[in-house]
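Colleague: What follows is a structure written as C-alpha cells; I'll ask about it next.
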Amino acid sequence: MQPVQHVARGREREAMDRLGQSRRHLDAQLAKLEQLRSYRDQYAADFAASGEAGLDATRLRDYRVFLNRLGEAVRQQEVLVERYQSQHEQTRQQWVASRSHSQAIDKVVTRYREQELRQQEQREQREQDERSLRPRK
C-alpha cells in the first residue's frame, strides 16, 4: 500500500503546484486589470481637467477615441480575468479531489498498519499463552 500512498501524495503535490501557478497567473491578470482601470481613470480625470481649460475639436475627438480604447481594453481584461478565475476554481477543485483521495489512502494505510499490529500482538499473546501452558522440563 505504501507505493500507492506515495503516488497519491505525489499527485496531490503536483495538483498543489498547479494551484499555486494558477493563483500567480490570476493575480497577474488582476494586477493588469487594476493598472488599466487606474490609467483609464487618470486619463479621464486629465480629460475633464483639460476640458475646463477648453480643447479644440481634434484634441477632444482624440481624447474620446483614446478613452474608448482604454474602456475596451478594460472590458477585454475583465473577460480575461473571469476566464482565469474560472480556470483557477477548476484547478482548486482538482486539488481538493486529489487531496481527498490522498487522505483516503492514508486512512486505509493507517487501518492496515493498525490491523497488522493487532494481529502481531495477538500472535505474540497466543505464543506466550502456549509457552505458559507447556509443562516445564
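Since every read-out is calculated from the coordinates, none of them should be taken as a lab result. This is a predicted model, so every value here is computed, not measured. With ideal geometry, Cβ positions are generated from the backbone for all residues, glycine too; neighbour counts draw on all protein chains shown.
Colleague: Note down the net charge around THR91, summing +1 for each Lys or Arg and -1 for each Asp or Glu among other residues with Cβ under 9 Å from its Cβ.
Modeller: Working: positive: ARG18, ARG23, ARG92; negative: GLU89.
Net local charge, THR91 excluded: +2.
Colleague: What is the dipole size for the chain, taken about its Cα centre, with +1 at each Lys and Arg Cβ and -1 at each Asp and Glu Cβ, in debye to the nearest 20?
Modeller: 880
Colleague: While we're on this one: As a test of the formula, what do you get for the chain when each DSSP H run with n ≥ 4 contributes -39,500 (n - 2.57) and the sum is divided by the residue count, at 222 nm and rounded to the nearest 500 deg cm²/dmol?
Modeller: Counting only the DSSP helices, I get -35500 deg cm²/dmol.
Colleague: Provide the gained length on full extension for the span ARG23 to ARG123, in nm with one decimal, where the gain is 0.36 nm per separating residue minus the Cα-Cα distance. Spell out each step's value before the answer.
Modeller: Working: separation 100, 0.36 × 100 = 36.00 nm, distance 5.26 nm.
Stretched out fully, the ARG23 to ARG123 stretch lengthens by 30.7 nm.
Colleague: Would you mind ranking ARG9, ARG64 by Cβ crowding within 10 Å, fewest neighbours first?
Modeller: Details: ARG9 15, ARG64 11.
Lowest to highest Cβ neighbour count: ARG64, ARG9.
Colleague: Next question, about the same structure. Just to be sure I understand: with springs between alpha-carbon atoms less than 10 Å apart, which residue in GLN94, GLN125, GLN29 has the highest mean-square fluctuation in the Gaussian network model of the chain?
Modeller: Ranking GLN94, GLN125, GLN29 by mean-square fluctuation puts GLN125 first.
Colleague: Something else: May I ask you to sort LEU133, LEU117, LEU19 by Cβ crowding, counting other Cβ atoms within 10 Å and putting the fewest first?
Modeller: Going from sparsest to densest Cβ surroundings: LEU133, LEU117, LEU19.
Colleague: Moving on to the next point. On C-alpha positions alone, give me the angle between the axis of helix 57-133 and the longest principal axis of the chain, in degrees, nearest 10.
Modeller: In the chain, helix 57-133 runs at an angle near 0 degrees to the longest axis.
Colleague: Only counting other Cβ atoms within 10 Å, I'd like THR91, THR58 sorted with the fewest neighbours first.
Modeller: THR58, THR91
Colleague: Also, quick follow-up: Along the Cα→Cβ direction, 7 angstrom out, place labels at SER86 and THR110. What is the inter-label distance in nm?
Modeller: 3.9
Colleague: Here is a follow-up. Report, to the nearest 10°, how far helix 2-53 tilts away from the longest principal axis of the Cα atoms in the chain, using its own Cα long axis and a range of 0 to 90°.
Modeller: With both axes taken from Cα atoms, the answer is about 20 degrees.
Colleague: Sticking with this one: Charges on Cβ only, +1 for Lys and Arg, -1 for Asp and Glu, centred on the Cα centroid of the stretch 2-133; of SER38, GLN122, GLN87, which one is farthest towards the dipole's positive end?
Modeller: It is GLN87.
Colleague: Mind computing the radius of gyration and Dmax over the alpha-carbon atoms of the chain? Å is fine for both.
Modeller: Every Cα atom of the chain included, Rg and Dmax give 32.8, 121 Å.
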